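Encoded as structure tokens, the structure appears first; notes follow it.
The values are calculated or read from the model by the stated rules, or taken from the named source; none is laboratory data. All values derive from a computational prediction rather than experimental measurement. Here Cβ is always computed from backbone atoms with ideal geometry, including for glycine, and neighbour counts include all displayed protein chains.
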Protein chains: 2
Amino acid sequence: MFVLNDRPGFSAAEGTRLRVRNAAQKLGYRRSGLARALSTGRIYTVGVVLRMDDSHLYSVYAKDVLAAMARACRSAGLRLTFIPFPAEGGLMVDEVVDHRVDGLVLVSHYADEFARLVYASRFPTVSFGSGYAERLVGMDQCGGVREATRYLIDLGHQRIVHVSGGHPGSRAFEERRAGYLAGMETAGLVPHCYSFTEARASMQLAPQERPTAFVTYNDDIAWQLTVTARELGLRVPEDLSIIGFDNNVLAETAVPPLTTVENPLDAQAEGALKVLQCLWQGKEPPAMAPLATRLIHRQSTAAPPGLLSPLKDPTQ
Amino acid sequence: MFVLNDRPGFSAAEGTRLRVRNAAQKLGYRRSGLARALSTGRIYTVGVVLRMDDSHLYSVYAKDVLAAMARACRSAGLRLTFIPFPAEGGLMVDEVVDHRVDGLVLVSHYADEFARLVYASRFPTVSFGSGYAERLVGMDQCGGVREATRYLIDLGHQRIVHVSGGHPGSRAFEERRAGYLAGMETAGLVPHCYSFTEARASMQLAPQERPTAFVTYNDDIAWQLTVTARELGLRVPEDLSIIGFDNNVLAETAVPPLTTVENPLDAQAEGALKVLQCLWQGKEPPAMAPLATRLIHRQSTAAPPGLLSPLKDPTQ
DNA sequence: GTGAAAGCGCTAACAC
DNA sequence: GTGTTAGCGCTTTCAC
């Protein structure tokens, strides 16, 4: 009994200890993490609420977040329960706040109303990435995109276009856009924000008119753009520079590999867990400063075409 | 009290019912799924044990399996806990068999010794894909690859090579290989099984000597092979046909899109859950016949080069 | 040091 | 129908 529970300050002969263990095993005895959880109030499991993507099962972002959270949980001796948030229909708060997990990580964009209700329940909860503002462990998306834009400008680009993505109005959507706008404004260049369709159309303009660089919402879009460019006979990066966001597997495997803004998922995962741990100890966690992002240099960016010839009038 | 528990056969005025609900909510009352679990013996959660891939976080296969299981669980009103199986170090059986989940799904290849111990614990467990043989919900990998090989033969190929992958000795490794061997044998062709490195080297042989088609272990390898082929100046499928396995996102996005053997993950996920449900009801589930696979026709396969000219002596 | 008992928050079986 | 109670398997506290 006591040997099984490892009662502190219990000493038995090693022989006895072993015999008890064996007998227990033979009887098929397994300690119930469940009963322990009810008794201690901790089940050592965190729930990760992740929007189900209608597109390819789950996006590669979702998968990477899950992997990062899984790693962080494992280091922390925690288990991870995956709670998909259905695109339509959503989730009842009671479904998630029922103590089958010790805490919740709300990942990025899902209905804010849901997040509000979860926080209102006072259940230990933290937001991951670019989601609901309350108790958010996020990164400096705006700064990252600003740096990317700046980089293109330094290469000599002027007709730089931002290609939006994600959910309009979402934090990620707005901040990445804002980073681009800030970068352009600092350089005194006129900004253009396109949808994917508009970006595609713009590629078909005459060389003097079309954009020489795209700063995109994420790697998925950047990837699509490289494919489209190839189809249209444009070379990347010679004719067109493209920058992504996330630094996921697509950025690495694209042809050419994408210059992109790194999204520090592991750091965010650890940060999120740290917040939950504070909450479990009853302390209100300190506000987390957005994590720094950095630009990963690969082969999808270069000086704009014609830069070697004398600079022409940048009108238009 | 009873309205909160939805006691069967309890009838109160709707008004009262509502008032009670509101009061409860105001007090922040949440039903504890935990206590209920201890009481009923069901926590409505299944654990999915998935090998952590040292390579890209988790392989796309792992992600797709997780997605399929997540969908199946959701339809069944179950929650999914993700239990990563660390590549080195493994997992203690007690860690997983502790009643924080109702049952376990063991996905594909991890140490068989672990699987054996888990089954020995008599905890409700099922194997998914191509893993441990006991209570396995799998598909007909052998038949799928045989069909793929057959297809290439029908196109006129003769120098068809199998490119192995995965863990040598694992079920998946052996069965897919066996499917290839069977296909070749039926046609009276001599089989060659290469590693990825060998396959790569073979591409550099003279046109008359190099393979005209690869049947690969999975889409990841097939994808790599298309990249390698392009680097070497070989055209797919004009110079070289390639067939993958899994039909995952890589098969779709590869250039050209890959002909591949579909891995019916959703069906397997549902099957696995069905098995667990039997187990929960105390019935030993019927042995599941391997699910049928089918060949998805895309653009990475064509007749071998030179087929239009008179057939030359197929020596060598 | 070792045993007994209360209690975590539910469900299910049993009285009223 | 409606209230009461035992008990799920642990941890913790309190007696011995």
> So which helices (runs of 4 or more DSSP H) are wholly in the stretch A:176-283 and hold at least 3 residues that are under 21 Å from A:PRO304 (Cβ atoms)?
Replying inline: A:196-202, A:219-231
> Taking the condition modelled with pLDDT of 75 or more and away from DNA strand C (no atom under 16 Å from the Cβ), does A:LEU57 pass?
Replying inline: no
> Out of curiosity, is A:LEU4 within 16 Å of DNA strand C (Cβ to nearest atom), at pLDDT below 70 and closer than 26 Å to B:GLY103 by Cβ?
Replying inline: yes
> Regarding B:LEU80, is this residue at the interface with another protein chain (Cβ under 10 Å from one of its Cβ atoms) and either buried (at least 23 other Cβ atoms within 10 Å of the Cβ) or in contact with a strand residue (DSSP E or B) (Cβ under 6 Å, 6 or more places away or on another chain) (or both)?
Replying inline: yes
> Would you say B:LEU27 is more than 16 Å from DNA strand D (Cβ to nearest atom), at pLDDT below 75 and facing chain A (nearest Cβ under 9 Å)?
Replying inline: no
> Looking at (1) within 14 Å of chain B (Cβ to nearest Cβ); (2) closer than 20 Å to A:VAL46 by Cα, which is the only condition A:ASP246 fails?
Replying inline: (2)
> Do you know which residues across the stretch A:100-149 are among the acidic types (Asp, Glu) and free of Cβ contacts under 8 Å to residues at least 24 places away in the same chain?
Replying inline: A:ASP112, A:GLU113, A:GLU134
